[in-house]
Structures are given as structure tokens and as C-alpha cells.
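In what follows, a structure is listed as C-alpha cells, so that the remarks can point back to it.
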Amino acid sequence: MLHPWKRFCNKGCMPPMTPLLKQSRTASNHIVVHPKEQHKNSLIFLHGLGDTGHGWSDILHNNLFYKNMKYVCPTASERSITINMGMRMPGWFDIIEISKFAKEDEEGIKESVDYLHSLIQEEEGEGIPSEKIIIGGFSQGGAIALYAGLTYPRKLGGIIGLSCYLPLHKTIPNKVHESNKHIPILQCHGKADQIVSYLFGVKSSEIIHTFNPNIKFIGYDNMEHSASLEEIRDIKFFLNEIIIDKKDEV
């Protein structure tokens, strides 16, 4: 699950669309890519197990760039991961086993959901309306983004879930907040994913669709637990649809 961007580059990188923007590391150990012009939108994106916010900050501002968008890429705290023989690594929650809706680390999941909610609140504190804030993530990070977005008490702009699944699926229908009952969601998954099964992703999207029909699920032939140029293009299309001020695009 480490460094999905390396696999993406091995298949042919998209050339950077914009020069490197000003980045900063906050005291809470997350990477911030500041907007080129006036701050109007925010995208908070969570990495996968064992990764950090660095790799995805590069992907976002090089390939999904909007001049008025602020990108926030936090790094998870290190924790013991059961499935990896208890090794400590950056993770949003423990993984006991990888199978369809296996036993889950409910405490860890809710802890990370609360943390993501706090990051959203920080953006609101800077004067960004909640509906101009988009959240997303890859793998574990995508799972947290799905749950956090659906349960946030104020309307958000959208959710992006890559190579992930819906955690705590049995209880979330009763936890979905009215404000985000119809939030736009893009869920992408490789059909050759051997880490998080493609069928697991499909089932998760079907569960979400029972209470939120505003979800789009896209599968990619031959893509493993990684990212691809085609997927990045689809994310760009999704962002173009949900960002209100189209003039914010390069």
C-alpha cells in the first residue's frame, strides 16, 4: 500500500500542469499547498496505510490544480497494525484482517473521523464555507473520508474515495447527517486491486446508493491498488462539476 504514486509514475506520469506552489508543514504534521490566488475552496486528502501526506500533495497540485484551491494533506499518527504483525506505521486505524466487512477498529475509525472533522472546521474558521470544502482519500484515507463526509453536520462540497470501502457500514445509514444525505461522491477502484477487493468497493458504493443516489462509481481495467492517468482525469471532471466558480480553474 506504500507510495501509490510510484506505481502511477511507472505507468507514465502526467507532466506537471503548474509550477511548484508554496508548501508548508504545520505543527500537526500535515502538508499544506497554498492557493496561487484568493483562497475560495479547500481539498483535504488522506493518504493510505504506511504513507504520508507528501506524495499526495505532489499529485494534487501537479495534476488537479485550481488557482483558488488550498490543498491539505495530513499525515496519520503511527500505530500498531495487526495484519502487519503489529508493526507501527502511519495509519488512520488498525486493520485486523482484509476481507469483506471483516472485524473493524471502530475506535480508531471514529478517532480519525473526528480528526478529519476538526480539519474541516479549521478551514471553516478561515472563512471558507463548508460547501466549498471537498474531502477525499486513498485506501484507508478514502474509507475515513467517506464516513466523515456522510456524517459531517454541515453541507460539504463533495467526497472522493479512491481504492477504498465504506467502514462501519451496518451503522452508518443511521449516522448520515441530513446536510450530506445527497452529497456528490466519486468512488474509483481498480479491477485488479488485490489489497482492497474491487468487489468490496462495488458493494460499498451499493450500500451508499441506498441512501444517497448522488454517487458515481468508476472501475478501471488492469489497475491494481494504485492510481492511474485515467483516474486522475475522472477526478478532474468531478471537481469541475462541483466547484461552483469555474474561473478558479487554471
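The rows are residues; the columns are (1) assigned to a loop (DSSP other than H, G, I, E, B); (2) modelled with pLDDT of 50 or more; (3) crowded, with 18+ Cβ neighbours inside 10 Å; (4) in contact with a Ser or Thr (Cβ under 8 Å, 6 or more places away or on another chain).
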{"site": "Ala27", "(1), (2), (3), (4)": "yes, no, no, no"}
{"site": "Glu37", "(1), (2), (3), (4)": "yes, yes, no, no"}
{"site": "Leu43", "(1), (2), (3), (4)": "no, yes, yes, no"}
{"site": "Gly50", "(1), (2), (3), (4)": "yes, yes, yes, no"}
{"site": "Ser57", "(1), (2), (3), (4)": "no, yes, yes, no"}
From the list Lys132, Lys175, which residue is within 29 Å of Phe65 (Cβ to Cβ) and among the charged types (D, E, K, R)? Lys132
I'd like the residue in the stretch 182-198 that is at pLDDT below 95 and open to solvent by 30 Å² or more (accessible area, probe 1.4 Å) and, out of all such residues, is nearest to His47 (Cα to Cα). Ile195
Tell me yes or no: at least one residue of the stretch 131-140 is open to solvent by 10 Å² or more (accessible area, probe 1.4 Å) and within 25 Å of His39 (Cβ to Cβ). yes
By residue number, the members of the stretch 66-114 that are touching a Leu at 6+ places or on another chain (Cβ under 8 Å) and assigned to a loop (DSSP other than H, G, I, E, B) are Ala76, Gly91, Trp92, Lys100
Looking at (1) assigned to a helix (DSSP H, G or I); (2) farther than 25 Å from Asn62 by Cβ, which one does Val176 not meet, given that it meets all the others? (1)
Of everything in the stretch 179-213, what is of a type in the set (Val, Ile, Thr), assigned to a loop (DSSP other than H, G, I, E, B) and without any contact (Cβ under 8 Å) to a residue 60 or more places away in the chain? Give them in sequence order. Ile183, Thr210
Taking the stretch 110-137 as the region of interest, how many residues are in contact with a strand residue (DSSP E or B) (Cβ under 6 Å, 6 or more places away or on another chain) and acidic (Asp, Glu)? 1
Being in a strand (DSSP E or B), among the small types (Gly, Ala, Ser) and closer than 23 Å to Lys155 by Cα is true for just one of Gly136, Gly141. Which residue is that? Gly136
If you go through the stretch 199-219, how many residues are surrounded by 16 or more Cβ atoms within 10 Å (Cβ to Cβ) and acidic (Asp, Glu)? 0
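Condition check ((1) open to solvent by 50 Å² or more (accessible area, probe 1.4 Å); (2) in contact with a Lys or Arg (Cβ under 7 Å, 6 or more places away or on another chain); (3) among the small types (Gly, Ala, Ser)) across all residues:
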{"site": "Tyr152", "(1), (2), (3)": "no, no, no"}
{"site": "Gly157", "(1), (2), (3)": "no, yes, yes"}
{"site": "Gly161", "(1), (2), (3)": "no, no, yes"}
{"site": "Val176", "(1), (2), (3)": "no, no, no"}
Checklist (1) touching a strand residue (DSSP E or B) at 6+ places or on another chain (Cβ under 8 Å); (2) open to solvent by 50 Å² or more (accessible area, probe 1.4 Å) applied to Glu107, failing item: (1)
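The values are calculated or read from the model by the stated rules, or taken from the named source; none is laboratory data. The structure displayed is predicted, hence computed values, not measured ones. As a convention, Cβ positions derive from the backbone with ideal geometry for all residues, glycine included, and neighbour counts pool all protein chains shown. Protein only, heavy atoms only, side chains kept; ligands, DNA and RNA dropped before computing areas. Shrake-Rupley method; radii C 1.70, N 1.55, O 1.52, S 1.80 Å.
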